[in-house]
Amino acid sequence: MDRFDRIFELNRIFRTARYPVPRQQLEVQLECSRATVKRLIEEMRLYLNAPIVYDRKLKGYRYENQAGEMYELPGLWFNASELQALLSVQQLFRQVQPGLLDTHLQPLRRRIDQLLSQRHVGTDELPRRIRILQAAARPPGRHFVVLAGAVAARRRVQIRYFSRVGDSSSDRQVSPQRMTHYRDNWYLEAWCHLREALRTFSLDAIREARPLEERAIDVPEDELEHHYTPAYGIFSGDPDKTAVVRFSRERARWVSQEQWHPEQQSRWLADGRYELSIPYHHAGELVMDLLRYGPDVEVLAPDSLREEIVRRLTEALQTYHEA
C-alpha cells in the first residue's frame, strides 16, 4: 500500500468509524509503522485541511465535525485499483465505438494519465493489452451525443426514423428513457408519442434528431423492466411463447455455458444432448440465432417457430440448388 492508498484508506476509516480509532489499529489497517501513521495524519492536516483530532479520553483519532458536514478529500481521489478500473472502462469504450466521445473524454483521460503518473502506475501497456473484436457492428450515427444528452436532461426529442422493414421514414416525437448497447450496436429505448407506447430505435437508423424544450415522460423503472426484459432479444415485449430447442451433444458443451435469457430452463438428456426453453415474443432475432447452429439444433416447439426454421432452411437450400 503506497502513500496515496494510505491517505485514501485513512479518510475512509475516519468517515466510517463510529468511535475514535486507536493508533495501533491504524497501523494494522494501513500496514505501516507508528511513524508513518503520524506522518500521514500530519500531512492530511497540513496539506489537505483534514480536521483530524485526537480524543484523549477515548485514546483515538477521529474527524471533527465542522458545521455538521462530513469532511471530503479535496479534488478527485481514487486509489490505484480504481484508477486502473476507470482507465480500463475508458479503453473498452474507445474500442467498442472508436471516436464516439473522444472530444468529451479527452480532458478526463489527460487528468487520469496525470494521476497515474503521480502514482507511478503505468498506462502504456493497457491499450495494447485489451483487444475487442466486433461482429456486424453498425456505427451509432451522428446523433449519439444529442440523444444521450436528452436522456440525461429528461427532454423530448423530435426524430426522423428509417424503418428497414418497411423501407420508409417517419417523423415522431419521443421521450427517451435509456440508451442500450446490445450486440455491438446502440439502441434508444423511448416512449413514442406517435404510437403511444414504448419502442426501441436503432441509433444508426435515426436520420435526424432535434432536442425539444418539453420535458420527457418518465416511464417507471419497473414498467421499463417489464417491457424490455421478460422476452428474448432487444425487441422484447411480453413473452407469449416458449421456444424449446435441442442441441447436439457436440454443441451442448458450448451452449450449456451460455445464458440466452434470465428465465431460461434447461436440462441434459441421457444421450448427452442439451435442451433449452426460452421465453420470447418476437421470433425474428431468435430465428437468426438458431439458424447459425445449422444441423446442431432442432426446434421442438412451438410449431410456428419450427415451421419458420424449416422454411428458412428450405429457401437457403433452394438458393444453392439454383446457383
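Structure data summary
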read-out: Some residue of region 194-204 being touching a Lys or Arg at 6+ places or on another chain (Cβ under 7 Å) and either outside the structural domain of SER304 (by TED's automatic domain parsing) or aliphatic (A, V, I, L, M) (or both); value: yes
read-out: Selection status of TYR182, loosely packed, with under 13 Cβ neighbours inside 10 Å, of a type in the set (Phe, Trp, Tyr) and under 23 Å from TYR232 (Cβ atoms); value: yes
read-out: Complete set of residues in region 270-298 that are in a helix (DSSP H, G or I) and touching a helix residue (DSSP H, G or I) at 6+ places or on another chain (Cβ under 7 Å); value: VAL287, LEU290, LEU291, ASP296
read-out: Count - residues of region 222-269 that are part of a loop (DSSP other than H, G, I, E, B), over 27 Å from TRP186 (Cβ atoms) and of a type in the set (Val, Ile, Thr); value: 0
read-out: Test: LEU313 is touching a helix residue (DSSP H, G or I) at 6+ places or on another chain (Cβ under 9 Å) and in a helix (DSSP H, G or I); value: yes
read-out: Tabulated pairs, region 157-183, first touching a residue at least 24 places away in the same chain (Cβ under 8 Å), second assigned to a loop (DSSP other than H, G, I, E, B) and of a type in the set (Asp, Glu), C-beta under 9 angstrom, 6+ apart or interchain; value: SER175/ASP218; GLN177/ASP218
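Yes/no matrix, rows are residues, columns are (1) in contact with a Ser or Thr (Cβ under 9 Å, 6 or more places away or on another chain); (2) surrounded by fewer than 16 Cβ atoms within 10 Å (Cβ to Cβ):
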{"position": "ALA209", "(1), (2)": "no, no"}
{"position": "ALA216", "(1), (2)": "yes, no"}
{"position": "VAL219", "(1), (2)": "yes, no"}
{"position": "GLU225", "(1), (2)": "no, yes"}
{"position": "TYR228", "(1), (2)": "yes, no"}
{"position": "TYR232", "(1), (2)": "no, no"}
{"position": "ASP240", "(1), (2)": "no, yes"}
{"position": "ALA252", "(1), (2)": "no, no"}
{"position": "GLN259", "(1), (2)": "no, yes"}
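The values are calculated or read from the model by the stated rules, or taken from the named source; none is laboratory data. These numbers come from a predicted model, not from an experiment. As a convention, Cβ positions derive from the backbone with ideal geometry for all residues, glycine included, and neighbour counts pool all protein chains shown.
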